[in-house]
Amino acid sequence: MGEVVDVHTHYVPGGWPDLGWPDAPRLRVDSEREAMILLGDHEFRRIGSNCWDAGERLAEMDADGVDLQVVSPTPVFFSYERPAAEAIRVAKIFNDLALEVCTSERLIPFCQVPLQDPDAACAELDRCLASGHRGVEIGNHAGDRDLDDEGVVQFLKHCAAADVPVFVHPWDMAGGPRLDRWMAQWLVGMPAETHLSILAMILGGVFDRLPESLRICFAHGGGSFAFWLGRVENAWHRRPDLVGVSEHPPSHYLGRFAVDSVVFDQRALRLLVDTVGVDHVMLGSDYPYPLGESPVGSLIREATFLTDDDRAALLGGNALRFLGPPRRP
Ligand code: CO
């Protein structure tokens, strides 16, 4: 069995400073082992020290048989809605602190960028690559700008040219009385957000414009996309006046992107493998958060429909290709 790589984990730096902005994400450290992420005065999420403590992460990886973790920011810190100068400052602090979390070669840092300012996003990515980051996590939209926004496409072109893997994570879901209950923003909003962003790349003609070399992965199994590809395909053929803006029908673009495996159900994993291809599904867990898979990798390890070679590809082989060779800062 080859290496096991978890492409979807998050961190929060324990040393996150209070920026003094009234509505900025803050960290209230309650003890050596616990902290609270605050949005203004609202308690957003209680987190444990495995968010920032490399030793704890490595011990839990050992327990679950995980060799490498891609360590990405926690999306609530993206700050795309803020003035660009503030988002640049947040990204710099966050990305530098990430290197203090990723003290082991088994922890692979992905940076965040101020996506609302494409030039600044490209510059911050370049700075991070030079300092030891291996890839970038982006939110699936910046306000009303989805992944087919010209500025976002400029950034993705930069990622392709720099040979940098991109991990797309849903965030900033729609709220309101119907969605602010039962974790509906996470259970309904997030899968829909990711589906919409894959459509933006397909129907918005982004894959037509980007080089095939771009390596891009969508979180949570690509959200609702795989289940509804047939509906999208039908719409592309039947309503070309409204939908058919990509050069090819949606299914043509399968193979251009990967998804992670954090779907919790063998039937869903099988649909993903059948739809996006066995080379484009990668172990992801959403560690260390409560909606993550635990033990990490159990869904893939228990999948009886996979051959041993396929299982090894999903557990790590595909991810090693996605990550590309190590960089030497
Ligand atoms: Co996540």
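The values are calculated or read from the model by the stated rules, or taken from the named source; none is laboratory data. Quick caveat: nothing in here was measured; it's all calculated off a predicted structure. All Cβ positions, even for glycine, are placed from backbone atoms using ideal geometry, and neighbour counts span all protein chains on display. Surface areas here come from the heavy atoms of the whole protein model, side chains and all, with no ligands, DNA or RNA. Shrake-Rupley method; radii C 1.70, N 1.55, O 1.52, S 1.80 Å.
Scanning the stretch 148-158 for residues that are closer than 22 Å to ALA174 by Cα and either in contact (Cβ under 8 Å) with a residue 12 or more places away in the chain or open to solvent by less than 30 Å² (accessible area, probe 1.4 Å) (or both) gives ASP148, VAL152. ILE47 fulfils the conditions (1) farther than 25 Å from ALA319 by Cα; (2) within 16 Å of the ligand (Cβ to nearest atom); (3) of a type outside the set (Gly, Ala, Ser); (4) in a loop (DSSP other than H, G, I, E, B) except for a single criterion, (4). Number of residues in the stretch 196-227 that are in contact with a strand residue (DSSP E or B) (Cβ under 9 Å, 6 or more places away or on another chain), more than 16 Å from the ligand (Cβ to nearest atom) and either in a loop (DSSP other than H, G, I, E, B) or over 19 Å from GLY135 (Cβ atoms) (or both) equals 5.
Okay, residues lined up against (1) at pLDDT 95 or above; (2) surrounded by fewer than 16 Cβ atoms within 10 Å (Cβ to Cβ); (3) under 27 Å from ASP148 (Cβ atoms):
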site	(1), (2), (3)
ALA226	yes, no, yes
ASN234	yes, yes, yes
ARG239	no, yes, yes
HIS248	yes, yes, yes
LEU314	yes, no, no
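Being open to solvent by less than 30 Å² (accessible area, probe 1.4 Å) and within 16 Å of the ligand (Cβ to nearest atom) is the filter here, so list the residues in the stretch 262-280 that pass it. Lay out the reasoning, then the answer.
Our first condition is that a residue be open to solvent by less than 30 Å² (accessible area, probe 1.4 Å); within the stretch 262-280, this holds for 262, 269, 272-273, 275-277.
Answer for the stretch 262-280, where residues must be open to solvent by less than 30 Å² (accessible area, probe 1.4 Å) and within 16 Å of the ligand (Cβ to nearest atom): just VAL262.
Could you go through the stretch 266-283 and let me know if any residue there is within 18 Å of the chain's Cα centre (by Cα) and at positive phi. Within the stretch 266-283, not a single residue is within 18 Å of the chain's Cα centre (by Cα) and at positive phi. Within the stretch 107-126, none of the residues are modelled with pLDDT under 95 and more than 16 Å from the ligand (Cβ to nearest atom).
Okay, residues lined up against (1) within 16 Å of the ligand (Cβ to nearest atom); (2) in a helix (DSSP H, G or I):
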{"position": "THR9", "(1), (2)": "yes, no"}
{"position": "GLY14", "(1), (2)": "no, no"}
{"position": "MET36", "(1), (2)": "no, no"}
{"position": "GLU56", "(1), (2)": "no, yes"}
{"position": "ASP62", "(1), (2)": "no, yes"}
{"position": "SER72", "(1), (2)": "yes, no"}
{"position": "GLU86", "(1), (2)": "no, yes"}
{"position": "ILE93", "(1), (2)": "no, yes"}
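Take the conditions (1) small (Gly, Ala, Ser); (2) farther than 29 Å from LEU115 by Cβ; (3) over 22 Å from the mean Cα position of the chain (by Cα); GLY65 misses just one of them, which is (3). Taking the listed residues ALA59, ALA63, the one that is closer than 29 Å to ASP308 by Cα, free of Cβ contacts under 8 Å to residues at least 24 places away in the same chain and not acidic (Asp, Glu) is ALA59, with no other qualifying. When ALA54 is tested against (1) of a type in the set (Gly, Ala, Ser); (2) under 23 Å from PRO170 (Cα atoms); (3) buried (at least 17 other Cβ atoms within 10 Å of the Cβ), exactly one condition is not met: (2). Among the residues making up the stretch 113-147, those that are among the charged types (D, E, K, R), open to solvent by less than 30 Å² (accessible area, probe 1.4 Å) and under 17 Å from the mean Cα position of the chain (by Cα) are GLU137, ASP146.
Hey, can you tell me all the residues within the stretch 133-164 that are within 16 Å of the ligand (Cβ to nearest atom) and either assigned to a loop (DSSP other than H, G, I, E, B) or touching a Leu at 6+ places or on another chain (Cβ under 8 Å) (or both)? Give the steps one after another, and end with the answer.
First, pick out the residues of the stretch 133-164 that are within 16 Å of the ligand (Cβ to nearest atom): 135-141.
Of everything in the stretch 133-164, those that are within 16 Å of the ligand (Cβ to nearest atom) and either assigned to a loop (DSSP other than H, G, I, E, B) or touching a Leu at 6+ places or on another chain (Cβ under 8 Å) (or both) turn out to be GLY135, VAL136, ILE138, GLY139, ASN140, HIS141.
Let's see how each residue does on (1) within 18 Å of the chain's Cα centre (by Cα); (2) farther than 23 Å from VAL71 by Cβ; (3) open to solvent by less than 20 Å² (accessible area, probe 1.4 Å); (4) among the polar types (S, T, N, Q):
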{"residue": "VAL245", "(1), (2), (3), (4)": "no, yes, no, no"}
{"residue": "SER285", "(1), (2), (3), (4)": "yes, no, yes, yes"}
{"residue": "THR307", "(1), (2), (3), (4)": "no, yes, no, yes"}
{"residue": "ASP310", "(1), (2), (3), (4)": "no, yes, no, no"}
